[in-house]
Each structure stands twice: as C-alpha cells, then as structure tokens.
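What follows is a short report on a single structure.
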Amino acid sequence: MVEDQDPTGPVALVTGGTRGIGLGCAERLRDEGYKVAVTYRSTPPESAGDSLRGILPIECDVTDPEQVEKAFATLEGELGTVDVLVANAGIVRDGLMLRMGEEAWQSVIDTDLTGVYRVVRRALGPMVRARHGRIVLVSSVVAFLGSPGQVNYAAAKAGLVGMARSLAREVASRNITVNVVAPGVVETDMIAALGKARADELRSMVPLGRSTTPEEVAGVVAFLASDDAAYLTGVVLPVDGGMAMGM
C-alpha cells in the first residue's frame, strides 16, 4: 500500500499522470479518497515533486503491449483492480500534412489512439466481472475544430469519441460508463511550448476569454468518475470555454 492512501478507497489509474492534465486528475482523485496510480514514459515522477504524494507511479509506454500488461500487474498487486480509468497519455508531432512523414503520423496514432485501446481493453475485464466501472478518455477541442499542423493529433483525438460511444453501448449493461472530456486551451507545458504569440492567439478564440487549468479539467473528470454521473455514458464534455460551441 502506498503511504497516505486510504486502503478502503476505490482504485483509479491515470495514464500520463506525472504532469499537466494527468497530474491534475491524479491529485484530484487522490484528494477525493481514491487509491491512485499514474503511468509515465518521458516525464519521471521526481519532476512532479510533492504533487505525487500518496500516488503510485508506474513506468509504462502505452505503445508497448507488454509494458501495459506489466503496469497493470504491478498496479493490481499494489492497489487492486481498476475502478476508474482516466486515459490521458498522449503526444504531439506537429507538422503540415505535406511534410508529415510516416513516423510522425504513426507515433501519434500509436500513442494517442491505439495506446488508449490497449489500456482500456486491459482495464475492462475486471470491470465487467465486477459489474461496475468508470472510463474517461481525454480528447481535445482539436478533434472538433481542427488545427493546422495537427492532422495526426486531431485524427487520434476524434477517434476517441467514436471509441467511447461504441464501447459505451457494449458495456452499459455491466454498469460501466464510458465518457470523454475535450479540453481546450489548458495551461500546460504543451501550450507553453507553442510560444506566447500562438498561445495568445488561441486564447483569443475562447469566448470566456481565458485558458483553463489542469485542475478545472480534473474537476470534470472527477465528476464523471463519481456516483453523480452514474446516468451519463457516451457523453463528450468540452472543457474549452466555449471554443467548440455547437460542434
């Protein structure tokens, strides 16, 4: 058992949980009494400092089926089977379509779409047997608006919506809900890397006139994981300040 975790709490797994939205979700779920594990690939847990207090970090590349299986075995041995899965791990490899090579396309699809398939499929068996579960997929406003230079990312994130809605119909009879959050402009390293001019341009597209925070996205994820959202499935909840209104 990880220090400071409630041994009676439900188990939550957040992929890509050592920074940004994933870290925000992990902290929020921990603070609400979940036993939380996070996976990471390129961002070591040490970089999150005290934010990961009481959270189990597990190294896992979601593009590798063997690492996914090993990560779940470690998690189940330490905490138990997953009650709530937040599939957040993702990467970007931006570039205009004419210049986008096979590697840039495939690496994003493998991580942001196929990687989600792998972790969801592995989490699903125990949920079906328990006849209860919450699955939340982290998509993006880009799935609905599009974004120049992000054909690969937009395709993967749009694919999550079809995945969630199809799966929601498959597992509803087992009391498992499958929903999607679609963040807009979030204050993360990914936005910061775009530079101030591009970040300001994106914020100017937001009707509410500001970017959001990982903590605000985490609040929506925590709601979808809660009993209050027991009658919601196949839903896409934008957390975008109105950017994709009506899409």
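The values are calculated or read from the model by the stated rules, or taken from the named source; none is laboratory data. Worth saying up front: this structure is predicted, and the values here are computed from it rather than measured. So basically every Cβ, Gly included, is an ideal-geometry build from the backbone, and we count neighbours across all protein chains shown. What goes into the accessible areas is simple: the full protein's heavy atoms, side chains included, and nothing from ligands, DNA or RNA. Shrake-Rupley method; radii C 1.70, N 1.55, O 1.52, S 1.80 Å.
Data overview
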item	result
Pick from segment 148-171, criterion closer than 14 Å to Ala87 by Cβ and touching a helix residue (DSSP H, G or I) at 6+ places or on another chain (Cβ under 8 Å), ranking: most open to solvent (accessible area, probe 1.4 Å)	Met163
Subset of segment 104-126 (residues that are of a type in the set (A, V, I, L, M) and more than 17 Å from Ala172 (Cα to Cα))	Ala104, Val108, Ile109, Leu113, Val116, Val119
Complete set of residues in segment 203-222 that are open to solvent by less than 80 Å² (accessible area, probe 1.4 Å) and closer than 20 Å to Leu13 by Cα	Pro214, Glu216, Val217, Ala218, Gly219, Val220, Val221, Ala222
Check on Pro238, of a type outside the set (Phe, Trp, Tyr), at pLDDT 90 or above, part of a loop (DSSP other than H, G, I, E, B) and open to solvent by 10 Å² or more (accessible area, probe 1.4 Å)	no
Residue in segment 178-199 that is farthest from Met243 (Cα to Cα), counting only those that are open to solvent by 80 Å² or more (accessible area, probe 1.4 Å) and assigned to a loop (DSSP other than H, G, I, E, B)	Ala193
Qualifying residue in segment 114-137 (condition: in contact with a helix residue (DSSP H, G or I) (Cβ under 6 Å, 6 or more places away or on another chain), surrounded by 17 or more Cβ atoms within 10 Å (Cβ to Cβ) and under 12 Å from Tyr153 (Cα atoms))	no
Filter pass, Arg174 being open to solvent by 20 Å² or more (accessible area, probe 1.4 Å), touching a helix residue (DSSP H, G or I) at 6+ places or on another chain (Cβ under 8 Å) and modelled with pLDDT of 95 or more	yes
Pair list, Cβ under 7 Å, 6 or more apart: segment 21-33 residue hydrophobic (A, V, I, L, M, F, W, C) and modelled with pLDDT of 95 or more, other residue assigned to a loop (DSSP other than H, G, I, E, B) and buried (at least 24 other Cβ atoms within 10 Å of the Cβ)	Ile21/Asn88; Leu23/Gly17; Cys25/Gly17; Cys25/Asn88; Ala26/Gly17
Strands (runs of 3 or more DSSP E) completely within segment 1-114 that count 2 or more residues being of a type outside the set (A, V, I, L, M)	35-40, 55-59
Total residues in segment 28-44, condition more than 13 Å from Val11 (Cα to Cα) and either in contact with a Gly (Cβ under 6 Å, 6 or more places away or on another chain) or open to solvent by less than 20 Å² (accessible area, probe 1.4 Å) (or both)	1
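A quick yes/no check of all residues on (1) in a helix (DSSP H, G or I); (2) farther than 12 Å from Met243 by Cβ:
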position: Arg134; (1), (2): no, yes
position: Ala155; (1), (2): yes, yes
position: Ala158; (1), (2): yes, yes
position: Val161; (1), (2): yes, yes
position: Ala164; (1), (2): yes, yes
position: Ser173; (1), (2): yes, yes
position: Glu201; (1), (2): yes, yes
position: Gly209; (1), (2): no, no
position: Glu215; (1), (2): yes, yes
